[in-house]
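The values are calculated or read from the model by the stated rules, or taken from the named source; none is laboratory data. Given the structure is predicted, the values throughout are model-derived calculations rather than measurements. Please note: Cβ atoms are built from the backbone with ideal geometry, for glycine as well, and neighbour counts cover all protein chains shown. These accessible areas exclude ligands, DNA and RNA; they are computed on the full protein's heavy atoms, side chains included. Shrake-Rupley method; radii C 1.70, N 1.55, O 1.52, S 1.80 Å.
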Amino acid sequence: MKKVYYLFAMLVAISLTGCKKIDEWLAPDLSEGLYAYYTFEGNANNTVKGAPKAQQINAPKYTDGLKGTKAIKFSTKDNNYLSVTEAMIDGGTFTVSFWVNNLGDGHIFHIEKGNSARYVFGVVGGFFRMALEGSIYDVYVKNTFAHESLDYSSWNMITITSTCSDEYSHELKLYINGEHVDLCTLRSRTAEHEKFIFGGKFHDIWQTSNMIVDNLRIYNDKALSDDEVEYLYEKEK
């Protein structure tokens, strides 16, 4: 009987001490497909080895970030933005995720080639909007994501995923704080672009959003799943 009790006690001890290791083993691999990760610890370096850093235009400032780290601050007045000399998004399947605080109406990101722009994302009237093409009309009038109004004075994790089943059909999902809140399906042919722009004006009509940003991630050719987005949020909140 003593041997049975001892064996039982050992199994309980192993199960209790091994919970964390099991959780880690079951956790999704968020490094798979990650093409860019900017933590903004006083610079715009890309922490993914071999991937391009961002050029800082009009000297964006740095301030307090998420959980005691640093974050980058964009200003409508100063028209700060980041420019990466690669589109970062090659096709219609991707993920862009970031934490944001002090967010105001305005342009957040897009990719471009000359006068052509795609995946234009920003805020109008406190609500997120997305356009596949670079039309300011599309952004202001159409393609509005439906979601509850946010407290933009606090930190929120915003995630956009796009899944493209062919050259035209895009399924775009919006996640707020790890929760899938809306989906829109748009059709537009994918095309190669040359730059990724985060912040700044768009078409000299849409101003850059006032915002503080931390932990910007870009997944090229990978749309994170609902579970992966939720896990990322729970890990960092």
Report in % the part of the accessible area of region 82-237 that belongs to carbon and sulfur, leaving out ligands and nucleic acids; probe 1.4 Å.
43 percent
Within the set of other residues whose C-beta is less than 11 Å from the C-beta of Gly114, count the net charge using Lys and Arg as +1 and Asp and Glu as -1.
0
Which whole-number value in Å² is the accessible area per residue of region 40-135, probe 1.4 Å?
41 Å²
Add +1 for every Lys or Arg and -1 for every Asp or Glu among the other residues with Cβ under 15 Å from the Cβ of Leu66, and state the total.
+1
May I ask you to evaluate 6.51 cos²θ - 1.76 cosθ + 1.60, the Karplus curve with θ = phi - 60°, for each residue of region 226-236 and list the ³J(HN,Hα) values in order in whole Hz, giving x for glycine and proline?
4, 5, 5, 5, 4, 4, 4, 4, 4, 5, 9
